[in-house]
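Worksheet: the structure to be examined is printed underneath.
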Amino acid sequence: KVVPFSRRRQTWRRWASLAACLVVVVAVLVAVPLLREQPEQTPPVQALPPFRQVDSLDALSEAVGFPVTEVSSLPFDPVSTTYTAYDEGLAEITYTGPGGQTATYRQSCGSEDNSGDYNLYPDTQTLPEQNATLKGQDGLYTLALWTDDTYTYSLHLSSGLSADTWQALLGETTP
């Protein structure tokens, strides 16, 4: 015996099928233009580094906007010297010596620490004659910081020195 479905049930199925088709059509109408649009491509931007190397002390002074002094005495004889000007008004001179020894000298306006060295040193000593602070460990200091009324200076050595050696070295270097 065949039992026919009621008309109500068939009508509901027709409307449900029609609604589903309508949803698919609307989704396609919305999605196709979005897929066809090409995102606007901006040309690449060349970013310059926040520093540049120059070839002399005079060029370094000109690049940072103030007269830069050079270290007059180091515990080794430099084989090469690199001059770097940073955008923040920071001058850096890196001296390289025999056997990989290095000294990094920095000068900037103001009175903030410009060393770029964020290590915590267990030993700190003040040299009042040079208005300098030494930082290091086990009695050997690798970093010296000092300031005058206008500029801040720092000198970082790859090998530590005693406080007496630093005092002699900074006595010849500080203005």
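The values are calculated or read from the model by the stated rules, or taken from the named source; none is laboratory data. Nothing here was measured: the structure is a model prediction, and the numbers come from that model. Neighbour counts run over all protein chains shown; Cβ positions are idealised from the backbone, glycine included. Accessible surface areas use protein heavy atoms only, side chains included; no ligands, DNA or RNA. Shrake-Rupley method; radii C 1.70, N 1.55, O 1.52, S 1.80 Å.
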Dipole magnitude of the chain about its Cα centre (Cβ charges: Lys, Arg +1; Asp, Glu -1), debye to nearest 20 = 3460
query = For the chain, what is the mean residue ellipticity at 222 nm derived from helices alone (per DSSP H run of n ≥ 4: -39500 (n - 2.57); sum divided by total residues; nearest 500 deg cm²/dmol)?
reply = -9500 deg cm²/dmol
key: Förster radius 45 Å - calculated FRET efficiency between Thr11 and Val32, Cβ distance, rounded to 0.05   = 0.90
ask   = Once both axes come from the Cα atoms, what is the angle between helix 7-36 and the longest principal axis of the chain, in degrees from 0 to 90, rounded to 10?
value = 30
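By per-residue mean of other Cβ atoms within 10 Å, what is the highest-first order of 134-142, 70-78, 120-128? It would help to have the intermediate numbers written out before the result.
Numbers: 134-142: 17.9, 70-78: 13.8, 120-128: 11.7.
Result, highest mean first: 134-142, 70-78, 120-128.
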key: Separation in nanometres of the label points that stand 7 Å from Cα toward Cβ, at Val24 and Ser111   = 7.8
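Per residue, how many Å² of accessible area does the chain show with a 1.4 Å probe?
Numbers: 12130 Å² over 175 residues.
Averaged over the residues of the chain, the accessible area is 69 Å².
List the GluC sites (Glu not before Pro) within region 85-175 that DSSP assigns to loop and that have no more than 12 neighbouring Cβ atoms inside 10 Å.
Details: sites: Glu88, Glu92, Glu112, Glu129, Glu172; in loops: Glu88, Glu112, Glu129.
In loop regions of region 85-175 (DSSP not H, G, I, E or B), the sparsely surrounded GluC sites (Glu not before Pro) are Glu88, Glu112, Glu129.
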